[in-house]
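These notes are about the structure you will find just below.
The values are calculated or read from the model by the stated rules, or taken from the named source; none is laboratory data. Since the model is a prediction, treat every value here as computed from it, not as a measurement. FYI the Cβ positions are ideal-geometry reconstructions off the backbone, even for glycines, and counts take in every protein chain you see. Heads up: the accessible areas ignore ligands, DNA and RNA and are worked out on the full protein's heavy atoms, side chains in. Shrake-Rupley method; radii C 1.70, N 1.55, O 1.52, S 1.80 Å.
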Amino acid sequence: MRTHTFIRLTRMPALSALLVIVTGMSADPSRGQTAPDALMQQGSRAYETGAFEDAVGHWKAAARGYHDAGSPAGESRALASAAQAQQALGHSTDALQSLELASALAQQAPDPSWTAALEAQLGRTYLAARQLDAAEQHLTRARELAAGALSPALIASAMNDLGVLHALQRQDARALEDFKEAVSAARDAHVPIVEVNARINAARVALRQGEAVESREWLDEALNQVKDLPPSRDKAAGMVNIGLGYQHLLPVLQQIHDPLVLRSAGALQEGISTAEQIADRRTLSYALGYLGHLYELEYRTEDALQLTRRAVFTAQAADQPESLYRWQWQLGRLLASGGALDDAIGAYRQAVTTLQPIRFEVTQAAAEASLSGQESVRPLFFELADLLLQRAARTDAAAAAQQYLLAARDAVEAYKATELRDYFKDSCVDAVRARITSFDRLASNTAVIYPILFPTRLELLVSGSAGLTRVTVPVGADRITKEIRAFRRLVEKRTTREYLPHAQQLYDWLIRPLDEHLSRMKVTTLVLVPDASLRTIPMAALHDGGQFLVQKYALALTPGLTLTDPRPLNRQAVRFLATGLTKGVQGFPPLPYVAEEMDAVRELYRADQLLNQDFRARTLEQELRAGRYSVLHIATHGKFSTNVDDSFLLTFDGKLTLSQLDELIGMFKYRDDPLELLTLSACQTGVGDDRAALGLAGVAIKAGARSALATLWFINDEASAALLTEFYRALQNPALSKAQAMQQAQLKLLEDRVYEHPAYWSPFLLLNNWL
């Protein structure tokens, strides 16, 4: 993971004086310094100038030297220093490994202060890895040990990091108290950079609480303190963060706009000077780039372009892709604002190319930096798509215009993969993309719709057998999202038809503009690639005024075509494993009709079963390893949450997270015959929780399955049993695709007066492969 102080709050503070023990050592071997001591000094100098890879190398070599010399204390300190540089590079896993070994070595010669420092660094690294429970455990332990060792410097560090933790947990009042305590402890310990960083963090939290004046006061105090420090990487970083803090105040303190601009520019200029003075190209790149952004905000385009180009050059020289993509992106925005469309597209494409090898790391860092107001990478891809759509509209040649439309679609596809990688926090997306082949051509009766929500308009890209078609609808993202929220809330109410006006309005925006085109193509199957809030609603229940969308088309959803394995279901080799609960366990109500559901599957496919007390994680793993199943049916309570680690499926004796599910059936990812279908009955996502719906959309990918069938909300389990029985029965017909089998099942319930309301049949979503 590549990160930087300026894009993630959890990188503060480093406290190198505690973690890199070089005080009192001389770089002159003639004065008695050992070789490992000299390597520690070299690592410290490399780290201070932002040469983190060199620092890791020096400190790792020092660790080996201390090991050979029989000094576990020295080896422990060297490994902790290496971990600090690894974390600065974003390599959290490597950093944690180094720290675990450092902790083990520290036990050989216990030192309370050093143990506390290691606990603090472990906590900070777990923060960076987004493992907040582990971070809290280690940081709390560090604070306790530091208090026992009477170390105010360590107390200050731990309190600042605990403040960051609580801020990430949205416990703002508690975070502010932590930062105030960190300021007080840092002042007593005479560690001014910790005091500065705690003030900057407090400013960010105060701003998020709506206390803009208080936020400015925190920044003013930090600026007054940091400007008197000697030149160092910490000083340069502090100046850049203070400059950014003033920028964040501009929209909310407009009455003092000009003084804030001057303060921001002054802090960033000082950051540039300090970084140049100590030859720290990494920090220099950020200082130049953020000053360029300030001038971009102030419409000083020429100054912004000059600074941004310098930032690009500096980041390239420092081999720093985590900042380079930002300045390439910024350069693209500036060029686009000046009307240089082709040059802007070129800069955006360079930014995307730079981002690709580090995209998970950067999106993870952006998620952690939400406190500081940093954006995710989503706008990069969608702004590129917007420019490509503009370019297509200005291109007369049909073939060339088609290429720009395809490029716009590809930009959206690239973001979809990045988004899922960020949600699942692993490379499962890469494994899928490496294994599958792309769709060369869709069937003549199938169309794929990409709805792209922009602030002022909705773009519909329709991919069919004849190529790509674009339709623009003049309604913005905010209005569409408001309609989506109302529809989702009301369509679950089984006793009213209040949902209908919203179902019709969404149809008018999303489908009606395409009616003529789809009719001309004789489309019978629609595959939608929904974005953001569109993932939270049942498309089947959209209504044209006369009938539901499912009555016109077989439907499927996919996170993206490049994430969809195009091979159809092999019905000759279908082998079922049906699992689930009928009994109420762990406080969840019973699901009595699951037994009927399971019986139907067993009758249709001679399925193996794990029911109630037999449905345990260990037993499921054993069954999956022993049998070459192609369909896994899980009928149990489940929930998809904003945090993937909080998403689960209920088993008889516990809760199975998506990560654990991935471990259980992950072997399918590497088989020639992966899991064809994963059915999750009785699951639910929160209303309005777009990120939870993202997990639902990606569950097939996470589980290594070609397709998944899941529900947006928990429904009557009798209706669920009826629908799934009909789906599996229809699936036996080789003339029907999975999407068509689901359409038949939904229509069957729709025709039943008991279940005709869409609350019963519409939340079932067929995800990913629809063939």
Roughly how many Å² is the accessible area per residue of the chain, as a whole number, for a 1.4 Å probe? 38 Å²
For helix 92-106, what angle does its Cα long axis make with the longest principal axis of the chain, in degrees from 0 to 90 and rounded to 10? 50 degrees
Placing +1 at every Lys and Arg Cβ and -1 at every Asp and Glu Cβ, with all other atoms neutral, what dipole size does the chain have around its Cα centre, in debye to the nearest 20? 1520 debye
Give me the net charge of Ala385's neighbourhood, meaning all other residues with Cβ under 12 Å from the Cβ of Ala385; Lys, Arg count +1, Asp, Glu -1. 0
If one takes the longest principal axis of the Cα atoms in the chain, at what angle in degrees, from 0 to 90 and to the nearest 10, does the Cα axis of helix 257-277 lie? 70 degrees
Please enumerate, by chain and number, the lysines with C-alpha under 27 Å from the C-alpha of Lys180, excluding those fewer than 8 residues away in the same chain. Lys227, Lys235
Which net charge results for the neighbourhood of Thr495, defined as the other residues with beta-carbon distances under 15 angstrom from its beta-carbon, given Lys and Arg at +1 and Asp and Glu at -1? +2
So which lysines pass the test for Lys416, namely a Cα distance under 21 Å, with those fewer than 8 places away in the same chain ruled out? Lys425, Lys669, Lys702
Between 0 and 90°, nearest 10: helix 281-297 axis offset from the chain longest Cα axis: 60 degrees
Using a 1.4 Å probe on the protein chains only, how many percent of the accessible area of segment 250-358 belongs to carbon and sulfur? 51 percent
Whole-percent carbon and sulfur contribution to the accessible surface of segment 625-756 (1.4 Å, no ligands, DNA or RNA) stands at 44 percent
Sorted by packing (mean other beta-carbon atoms within 10 Å per residue), highest first, where do 489-501, 384-396, 600-612 land? 384-396, 600-612, 489-501
Would you list, by chain and number, the lysines whose Cα falls below 19 Å from the Cα of Lys583, excluding same-chain residues fewer than 8 positions away? Lys639, Lys655
Run the accessible area of segment 109-155 with a 1.4 Å probe and give the carbon-and-sulfur part as a rounded percent. 52 percent
